[in-house]
Amino acid sequence: MGDAAQTVANLGVDYRLNRAVSFDLGARYVDNLYADYSINNSDFLSADNDGALQLPSYSLVDLGTTVRFSLFDTDASFRLNVNNLFDTVHIAESNSNIHAADDATEDQLWNGVDKRNFVWFGFGRTWNASLRFNF
């Protein structure tokens, strides 16, 4: 499995267009994720086992905007977020450790991961909105 630790890098940018409107953009890169494993699993009992399955790295971008205004003599804001803006397909977790065979064909793999694994894909593009009142 190697000595690599999980790598997560984040970069964020905020831009205020004027007093009322602002935008924010966030990007994150995730690498060195591994599938879950149990030390009691027979696959891990031999000294020459392949270790936990390393999952493919991925990058995600989020975009948000906030609009501030007054309503009924109260400061308020409306916020809209788009998460995973580019609808990136990625594996968030794997509950199995089936390593790809050296002679595996492309139709047996997804991004280098054996398709027989039990994985959870991360959410595609989602959005959320909020309305906030300060009083």
- Task: For the stretch 117-135, name all the residues that are in contact with a Lys or Arg (Cβ under 8 Å, 6 or more places away or on another chain) and surrounded by 10 or more Cβ atoms within 10 Å (Cβ to Cβ).
- Result: SER130, ARG132
- Item | Looking only at the stretch 11-57, and only at residues there that are more than 21 Å from the chain's Cα centre (by Cα) and of a type in the set (Lys, Arg), the one that is modelled with the highest pLDDT | ARG16
- Message: Quick test of your reading of the structure: THR88 fulfils all but one of (1) touching a strand residue (DSSP E or B) at 6+ places or on another chain (Cβ under 6 Å); (2) crowded, with 16+ Cβ neighbours inside 10 Å; (3) not in a strand (DSSP E or B). Name the failing condition by number.
- Response: (2)
- Considering residues that are over 19 Å from ALA52 (Cα atoms) and either touching an Asp or Glu at 6+ places or on another chain (Cβ under 6 Å) or outside any loop (DSSP other than H, G, I, E, B) (or both), the number found within the stretch 115-131 is 8
- Consider ALA101 carefully, then state whether it is closer than 28 Å to PHE123 by Cβ and either among the hydrophobic types (A, V, I, L, M, F, W, C) or part of a strand (DSSP E or B) (or both). no
- Reported set for the stretch 83-114 where residues are of a type in the set (A, V, I, L, M, F, W, C) and within 20 Å of GLY51 (Cα to Cα) is ILE91, ALA92, ILE98, ALA100, ALA101, ALA104, LEU109, TRP110, VAL113
- Inspect the stretch 96-116 for any residue being within 30 Å of LEU131 (Cβ to Cβ), surrounded by 12 or more Cβ atoms within 10 Å (Cβ to Cβ), touching a residue at least 12 places away in the same chain (Cβ under 8 Å) and more than 15 Å from the chain's Cα centre (by Cα) and give the result as yes or no. no
- Item | Pairs where the first residue, in the stretch 11-24, is closer than 14 Å to SER77 by Cβ and in contact (Cβ under 8 Å) with a residue 24 or more places away in the chain and the second is part of a strand (DSSP E or B) and not β-branched (Val, Ile, Thr), C-beta under 6 Å, 6+ apart | ALA20/ARG68; SER22/ARG16; PHE23/TYR15; ASP24/ASP14; ASP24/GLY64
- Evaluate the stretch 53-71: report whether one residue or more is within 26 Å of TRP127 (Cα to Cα), touching a His at 6+ places or on another chain (Cβ under 8 Å) and among the aromatic types (Phe, Trp, Tyr). yes
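The values are calculated or read from the model by the stated rules, or taken from the named source; none is laboratory data. What you see is a predicted model; the values in this text were computed from it and never measured. Quick reminder, even Gly has a Cβ in these numbers, built from the backbone with ideal geometry, and neighbours come from all protein chains shown.
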